[in-house]
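Here the structure is laid out as structure tokens; the discussion comes afterwards.
Just so it is clear, none of the values below were taken in a lab; they were calculated from the coordinates. Computed from a predicted structure; not experimentally measured. Note that we place each Cβ from the backbone using ideal geometry, even for glycine, and neighbour counts take in every protein chain shown.
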């Protein structure tokens, strides 16, 4: 058996955490034969719930799960972790404005960024699930910069991506695996831009461009976008609870692809720090530092954490370059950039920078 | 691609259902390449919640999930299904006596047994998770008889089995993959008998008796199973107390293990615990749905014969058998049938 991976889930006592821990423990992300030590972190108030989840994971009798730790201190949580799924956050309370929610959350992620720098590894990979995901990841990366490169930080737009894939599959009358190269651009919010213009659908063994396979450009520019964008709200309305298992599944897909790589000719959507591609603002470099390599740089702050199409190999993502963007796409992308810049500035302010 | 399997989950809008449907959908039970149509059943007041679950399954973008149907009537639920996970049951309400709970539930399972006979296939396989699981499965099988053989019905004691394996692993200082042949005898209730006397532990490369590996027979006879203990028998209650909710995740995982093993078979030299209709083995009255050690091949389970039972074991087995006979008689009475 290979060396055990130490995998952290924050917010482990919450809805998404409950689904996520089992999928990870079962080997869906790292492989059934990879031994895992799961570290479950939540606030002290959730101690009982955490312990019962720890018991349940033991009761699952999983051969590769060699340890489960239930912790409520950040030091115990972050020490030596290989992977971190950050699903814990401040929920919206009554009377809370959007900017209060943002401020409260970025402070958590500032603290966790510092903890990652202090206790984790330079190779630790991080996926931020909790909202506002992109800006939380941005702040986390900033405060971890002295130890962990910005490119090890990401936010979850894979759920939006999977939802987009599923909608195209339904419309084209194929199974989800026959749809590829859908893109979700931008922020995991209402300004996200689900883009089918570069996607393909394989039907009866023949690969077609998605707009052709779907045969309805009005749908692609309207209903498709609103359905994907509003899906989370629809599910809350029906279930009276947020999308937990589909979000957890997407988090697993995101991390699995990051580790395993994407097949030739395929790309997927990940929110990652921008390098300036497609006009999305990149990071601000510390004065006096020289540009040697992207991964070795320490930023005043990293590039905007933006959902891009990426290919992945050897554990490293690369933004797909040179995709044509028509006027419609450019407009959509500009809107989501604007929102992310506003969030970034509010966040930096809230962190007193 | 092969013809899709049609798989029903009842109580799909509930806690266990929520943990279960994803595991089935992503291929954990029938394999990642096996196409599945998932049928989700719950009561009409849960229709919106059920639709939300259906949407979430779609949003998982799973290659092998060729369809998801959200239904609220038995005909749509049971038609042509290959497998049924019967999770939905009447929950205990405040002031409800045990016998009221039993009566309410047998009515559900009588109706579902009849629906299976009318709409499902003669090859349909059923796992009953909703409690009282063994007796619900008994009644269900009774009312499906004539179309579906009793041997296609089972109740879940795999959660207790998994819990027991995990406890033996911890106590022996090994990982759980190194423990096999633990047995849960009897009813999925506090009279269950977790038995490690035939279990094996792989420690430092050699296979030893679990009893030696654990090295603490006092624990095996009390802490491990005792009525006052906090391990296998009481585990469910401890989890409810801490989570304020039942052990949905681990129950769903166990249901998947149960059906996976029924579908794929058990490895040579290994057996698992399943509550199945007795054939008289170990003195258990025929037809009683009782948790036995079984091996499985070609989709058929076989009770492991000839295991030695010491006096301690015989006593425990007698207690759980008695409870199951009482439940059976109460259940038949509630269905308006005379005692057997």
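For the stretch B:158-325, the alpha carbon convex hull comes to 118 Å³ per residue, rounded to a whole number. Convex hull of alpha carbon positions in the stretch B:5-155: directionally averaged projected area 8.3 nm².
For A:158, B:243, the sequence from fewest to most other C-beta atoms within 10 Å is B:243, A:158. Normalising the average separation of contacting C-alpha pairs (under 8 angstrom, six or more residues apart) by the number of residues puts the relative contact order of the stretch A:5-53 at 50 percent. With contacts taken as Cα pairs under 8 Å at a separation of at least 6 residues, chain A carries a relative contact order of 17 percent. Let me have the 222 nm mean residue ellipticity of chain B computed from DSSP H runs of 4+ only, each contributing -39500 (n - 2.57), with the sum over all residues rounded to the nearest 500. Calculated from helices alone, the mean residue ellipticity at 222 nm is -12500 deg cm²/dmol. By the count of neighbouring beta-carbon atoms within 10 Å, fewest first, B:96, B:156, A:270 end up ordered B:96, A:270, B:156.
The alpha-carbon atoms of the protein assembly as shown, seen along their principal axes, cover 84, 56, 49 angstrom, with the largest extent given first. Within 10 Å of the Cβ of each residue in A:234-245, the mean number of Cβ atoms contributed by other protein chains is 5.
Can you give me the angle between helix B:47-59 and the longest principal axis of chain B, using Cα atoms only, in degrees from 0 to 90, rounded to the nearest 10? Once rounded, one gets 80 degrees. Looking at the protein assembly as shown only, what percent of DSSP beta bridges run antiparallel? Nearest 5 please. The antiparallel fraction comes to roughly 50 percent. Compute the acute angle (0 to 90°) between the alpha-carbon long axis of helix B:98-119 and the principal axis of greatest extent of the alpha-carbon atoms of chain B; round to the nearest 10°. Around 60 degrees separate the two axes. Mean per-residue shielding of peptide B:49-56 is 6, counting Cβ atoms of other chains within 10 Å of each Cβ. Any idea what angle helix B:158-172 forms with the longest principal axis of chain B, computed on alpha-carbon atoms, 0 to 90 degrees, nearest 10? Rounded to the nearest ten degrees, it is 30. With neighbour counts taken as other beta-carbon atoms within 10 Å, the residues A:118, A:339, B:241 rank, fewest first, as B:241, A:118, A:339.
Per-residue ellipticity at 222 nm computed for chain A from its helices equals -13000 deg cm²/dmol, with DSSP H segments shorter than 4 residues left out and the rest contributing -39,500 (n - 2.57). Here the translational diffusion coefficient of chain A follows from Stokes-Einstein with Rh set to the Kirkwood radius across Cα pairs; for 20 °C and 1.002 mPa s it amounts to 104 µm²/s.
With the convex hull of the Cα atoms taken as the outline of the stretch A:3-155, the averaged projected area works out to 8.5 nm². A protection proxy built from the mean count of other Cβ atoms within 10 Å ranks the segments A:324-330, A:11-17, most packed first, as A:11-17, A:324-330. Under the criterion of Cα pairs below 8 Å and six or more residues apart, the relative contact order for chain B equals 16 percent. Shielding by partners for peptide A:30-43, expressed as the average number of C-beta atoms from other protein chains within 10 Å of each residue's C-beta, is 0. Measuring r between the beta carbons of residue A:202 and residue A:118 and using R0 = 45 Å, the FRET efficiency lands at 0.40.
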